[in-house]
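Below is one structure, written out as structure tokens; comments come after it.
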Amino acid sequence: RRPPDEEEEAEVCWQEKLFSQFEVDLYQHESACQTPLDRQYHEEILKLERAGGRKNCRIFTYTDHDRFTNLEEQCQKVTDSDHEVPSYLAERMANVRRRKQDRRPKEASSLKSKIITWEPSEEFIKNNHVINTPVQTMYIMGDLGPYGKLGRKEYERVLCTIKVDGNGVIIVKPDFSDTKGAYWIKLDGEKREMWKYTIENVSVQVQPEEVEREQHIFRDLYSRHKEYLSGLLGSEFEMTLPGTLRLFVNGEIVSAQGYEYDNLYVHFFLELPNQWSSPAFQQLSGVTQTCATKTVGWDKVAYFCYLFTLEMFFTQGESVSEDSFPQWPVLYFEVLSLDFWQRYRVEGYGSLVLPASPGLHMLTIPTWRPVELGTVAELRRFFIGGSPELEDITYVRIPSTFKGQHLSRFGFRTETTGSVTFRLHCLQQSKAFLETSALRQCMQSVLDRLGGFSQQSSVYSVLEAFRRARHRMQEARASLPQDLLSPSASTV
């Protein structure tokens, strides 16, 4: 146990500088001062000497701008191995100083005009290479040297590290000794000395009036920030009516691959089923640019990167029965090729049902084209252009003019061609997601009937269709003669 004169207690404030014996001996001489901070420490130490000397003996601090803070951050190891060699990335990251910087507010015009820095400086690269959260650091140190021989660097030990980042998070390492007990430091040497120290939080508790004043300031700040965000968003954000689903599709025709001829372009249009509508300004059709193909592997690929936007509304009608299932909009498209004489050929037809679930969808749709038998048709297509075309492009699926129950395509000859890749970002908006009671139930019935929104709705539709088919089969069995159903009926 050490004598009482070697026990020391010090109360340290945030970024308060307590000089060590080594710093007192160093900064007493003006010739050792090289930086403005050194000269400031020289003047403070002279004032301490005139006032009777420093009160602390073994406990001292290193603040955020001291040399030790810079060296300590750069010399931290990743592992506890004595033979660790820092990697190139660790050495480069050690040079990134996370300190509070003077950032002048920039005007909106300057932000728009300087989106790209063409000639970045070295300091700019260091500050923007990583997530640079400003951090202030402070070290509480202990001089554990023999009594009367203080001031040796080899006896300095870190007792506590305190860091405060720009978000107001305080990190104390090691933690306060209230629940963990005292900490011990063992020195290397002949005597094997053991030092015991504790860390306590002696900050003055905040008064209730100050807490209320701080909360009032925060509420005022949050309300101002909310008004600022509302000003950026504007008041033009439209809400859908009850029982209405709003569907946005930000699409892209990415590429077309596997076609016979070069210089391809795509013509597409959107078909809206019943109960679907679109704004008056919405264009439901489009044509891409003519794109020359390039060889990728075994295929010839034309990259269009053609963007389009679609906006649609689904409104639930009052006269719609519960057994009917609304249809989703269908995107029809045809791929055509253009030759040197500006003659076009049909390369393929295809259709795409818009996804029923929101999010990103990458879809590759195969296509086909009508063909005629014989060599003359192919020669005509090669030399003078033209080929069999569909009068109604909806014949790709079920024509809009078809009213029967069974569509037969027997005798219609087609040929498989290439495929087109789409990238679709789908967004859905419904007021039922925000409201409760009857409106939510009404919209939920719409979503369930649309199918594809959830696994439960799809399973329910399958079971319902099976129930109806079973009921029809039972009615058909009841109408048949009994002698046909009996296995023991005699045969003539």
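The values are calculated or read from the model by the stated rules, or taken from the named source; none is laboratory data. Model, not experiment: these values are computed from the prediction. For accessibility, only protein heavy atoms count, side chains too; no ligands or nucleic acids. Shrake-Rupley method; radii C 1.70, N 1.55, O 1.52, S 1.80 Å.
What to note about this one:
- Net length available on complete extension from S223 to V353 is 42.4 nm, with 0.36 nm assigned per residue and the Cα-Cα distance removed.
- With all protein chains in place and a 1.4 Å probe, the accessible surface of region 243-287 carries 49 percent carbon and sulfur.
- Counting only protein chain heavy atoms and rolling a 1.4 Å probe, the accessible areas of M473, M141 rank, largest first, as M473, M141.
- The orientation-averaged shadow of the Cα convex hull for region 173-219, equal to a quarter of the hull surface, comes to 5.2 nm².
- Gained length - T315 relative to V371, 0.36 nm times residue gap less alpha-carbon distance: 16.1 nm
- Exposure of K149 as accessible area (Å², to 10), given a probe of 1.4 Å and all protein chains: 110
- Ranking by accessible area, most exposed first, for D392, D339 with a 1.4 Å probe: D392, D339
- Surface exposure of region 176-278, expressed per residue as accessible area with a 1.4 Å probe, stands at 73 Å².
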